[in-house]
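The values are calculated or read from the model by the stated rules, or taken from the named source; none is laboratory data. Since the model is a prediction, treat every value here as computed from it, not as a measurement. Cβ sites come from the backbone with ideal geometry, for glycine too, and all protein chains shown count toward neighbours.
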Amino acid sequence: MRNGLSKDLIARVLGDAPKYTLDDLEAKFPPRNLADGAMVTRFAPSPTGYMHIGGLYGALIDCKLAQQSGGVFMLRIEDTDTKREVADAVEIINASMDRFGLKYNNVESYGPYYQSQRKDIYHSVAAELLATGQAYPCFLSTTDMEEIRENQKAAGFPTGIYGEFARDRNLTEEEIAAYLDKGLVPSIRLYSMGKPEQRIFCKDAVRGSIGFPENNEDIVLIKSNDGLPTYHFAHLCDDHFMRTTHVIRGEEWLPSLPLHVQLFRMMGWNPPLYIHTSTIDKIDEETGKQRKLSKRKDPEANVAFFLEAGWPVEAVIEYLGNIAASGYEESKMKGQVKTFWDYEMRAKKIPMSGALFDMKKLEWWAKEFIGSLPVPDLVCRVVNWANEYGTDINKMQIADESYLTSVLGIERDNPKRVRKDFITWSQTLENVAFFWDELFVPNTEYEFNNDVLKAFLETYNESDDKDTWWGKIVAVAESLGGKNGDVAMNLRVALSGRTNTPDLYSIMSVMGGERVKKRIEGVIK
Ligand code: GLU
């Protein structure tokens, strides 16, 4: 520690007198009045105009843990990097959370929830550290720091502002005042007491206690260019005064953990319990190796992709939930729970590495989910998707909603034997495209038996019930010396262009007599 600065100098250094004392802040943001075990979590994205699937994964865990424990889940916008700010970014985050059903509860008295609006709080805490000599104003310019760095490299020292290289850590009040008189604006740096030859033990709820060398860097707490905090300092102040109990964040933050624990201990505050989650990886198609999902290379890194492509949001949630809580699938298959939200997940079981995003597995969850939807819901979801994202062709398919309902209703009336052939809303419409004359593609490869088709047409009556209809197929087969199945296959391919379809009788009923006749006649010609 160094000598603390006087009140007046602190006000000059920070550009203003601090608004609060630490006691004021403690009183303003008291511990939350929640039952034992209630978790207070937060999703804290930086507004970059994009919601990454890894962000959604983290937010889901935050939301789930808070919800199941009767706690609070917050959304905090980490907008302290004014250079990276993007218009509409917050709308994108909000819309994504809303779509995926992640509800947060930003209790006003613990706000504001935009870091850019919390300057008073950061400056008040910084003022306290300046007063006690645990932080100091630093006037190093970019050029100064580059020079220090080059010298450190040349001499084989670790780079950074620490110990003897921290030029300004022991400036006198007069020296500080002289810099300020010249109009220079300092950053505020931590006066680090850490010694890298000593170890600091930090707790991660999943990984257990991890030893790290202590941090000795005088890291920046408040930036000189805009007076806003760095991530580290904002994390300290916000997660303390928002009374966060569990910080769930990506494993890329693990190396910063010793610094964060150091900061909390310096303040005499209890750190939150940390959970560092695995990044979401994929197997690279070219190299066959596991790598992070990349914003540039992988469309599925952006959650908007799933909405546009028509994946059921529930399936994405179920799938991500099962990565976070691998017991969920079994519990669901046993019928113990209906959705991920009913499943009691355990924070300690969140995987710390190797979370793989596998589209095939997602398909399975999607088929399960769509298979469980009642027909009116299925129609509604398909229609909503097509209206928002569909092509003109999709829009044509949804125009006659009662026809669409009959088409999608085929073989979906038996809850014990549901079809699981629909994956996305877009693929659903593609799957049933043959029901629309505009989209029907006749099969030119199949070797039709025209005699069979003619014989069937002669007896066909669209109002036949299923038994009568089947009786006629059997009769055609008998009269021509063929098999029932061959007759049915001829009809199936003539009507749909495909050899594999749902129930043929249902297809004919939905298509209606005229369309059936036209398609069969089309083949005979
Ligand atoms: N803004 C940080 C990020 O987007 C938040 C990390 C955290 O959850 O603390 O990576």
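Observations on the model:
- Residues of the range 223-243 classified as more than 13 Å from the ligand (Cβ to nearest atom) and hydroxyl-bearing (Ser, Thr, Tyr), total: 1
- Of all residues assigned to the range 138-145, at least one qualifies as being part of a strand (DSSP E or B), within 21 Å of Arg2 (Cβ to Cβ) and either basic (Lys, Arg) or within 41 Å of the chain's Cα centre (by Cα) (or both).
- Residues satisfying the stated conditions in the range 44-53, i.e. within 19 Å of Val313 (Cα to Cα) and crowded, with 23+ Cβ neighbours inside 10 Å: Met51
- Sole residue being acidic (Asp, Glu), surrounded by 14 or more Cβ atoms within 10 Å (Cβ to Cβ) and in contact (Cβ under 8 Å) with a residue 24 or more places away in the chain, chosen from Glu462, Glu438: Glu462
- The range 150-184, residues that are assigned to a helix (DSSP H, G or I), in contact (Cβ under 8 Å) with a residue 24 or more places away in the chain and aromatic (Phe, Trp, Tyr): Tyr179
- Restricting attention to the range 255-302, the residues that are free of Cβ contacts under 8 Å to residues at least 24 places away in the same chain and among the acidic types (Asp, Glu) add up to 4.
- Meets criteria (within 12 Å of the ligand (Cβ to nearest atom) and modelled with pLDDT under 95) for Asp79: yes
- Residues satisfying the stated conditions in the range 225-241, i.e. crowded, with 17+ Cβ neighbours inside 10 Å and in a loop (DSSP other than H, G, I, E, B): Gly227, Leu228, Thr230
- Failed criterion for Gln198 (all others in (1) modelled with pLDDT under 95; (2) more than 27 Å from the chain's Cα centre (by Cα) hold): (1)
- Selection of the range 2-43 for residues being among the hydrophobic types (A, V, I, L, M, F, W, C) and either out of contact with any helix residue (DSSP H, G or I) (no Cβ under 7 Å at 6 or more places or on another chain) or buried (at least 21 other Cβ atoms within 10 Å of the Cβ) (or both) yields Leu5, Ile10, Ala11, Val13, Leu14, Ala27, Leu34, Ala35, Ala38, Met39, Val40, Phe43.
- Scan of the range 382-418 for residues that are among the aliphatic types (A, V, I, L, M) and within 25 Å of Trp364 (Cα to Cα), ordered by number: Val382, Val383, Ala386, Leu404, Val407, Leu408, Ile410, Val418
- Residue satisfying condition, being at pLDDT 95 or above, in a loop (DSSP other than H, G, I, E, B) and either within 16 Å of the ligand (Cβ to nearest atom) or within 27 Å of Met266 (Cα to Cα) (or both), within set Ala66, Ala59, Ala38, Ala127: Ala38
- Residue in the range 83-93 that is touching a Lys or Arg at 6+ places or on another chain (Cβ under 8 Å) and surrounded by 16 or more Cβ atoms within 10 Å (Cβ to Cβ) present: no
- Of the residues examined, Asn215 is one that is more than 16 Å from the ligand (Cβ to nearest atom) and crowded, with 17+ Cβ neighbours inside 10 Å.
- Leading residue by the ranking (surrounded by the most Cβ atoms within 10 Å (Cβ to Cβ)) among those in the range 321-331 that are assigned to a helix (DSSP H, G or I) and either over 17 Å from the mean Cα position of the chain (by Cα) or without any contact (Cβ under 8 Å) to a residue 60 or more places away in the chain (or both): Tyr328
- Condition broken by Ala95, with the remaining ones in (1) in contact (Cβ under 8 Å) with a residue 12 or more places away in the chain; (2) away from the ligand (no atom under 14 Å from the Cβ) satisfied: (1)
- Of all the listed residues (Asn450, Asn443, Asn490), the sole one being polar (S, T, N, Q), over 21 Å from Leu408 (Cα atoms), at pLDDT 95 or above and crowded, with 19+ Cβ neighbours inside 10 Å is Asn490.
- Residues of the range 43-56 that are away from the ligand (no atom under 12 Å from the Cβ) and over 17 Å from Leu320 (Cβ atoms): Gly49 alone.
- Search result, residues across the range 94-117 that are crowded, with 19+ Cβ neighbours inside 10 Å and either in contact with a strand residue (DSSP E or B) (Cβ under 8 Å, 6 or more places away or on another chain) or part of a helix (DSSP H, G or I) (or both): Ser96, Met97, Leu102, Tyr104, Tyr110, Tyr113, Gln115
- Residue match in the range 318-330 (condition: within 30 Å of Thr391 (Cβ to Cβ) and among the aliphatic types (A, V, I, L, M)): yes
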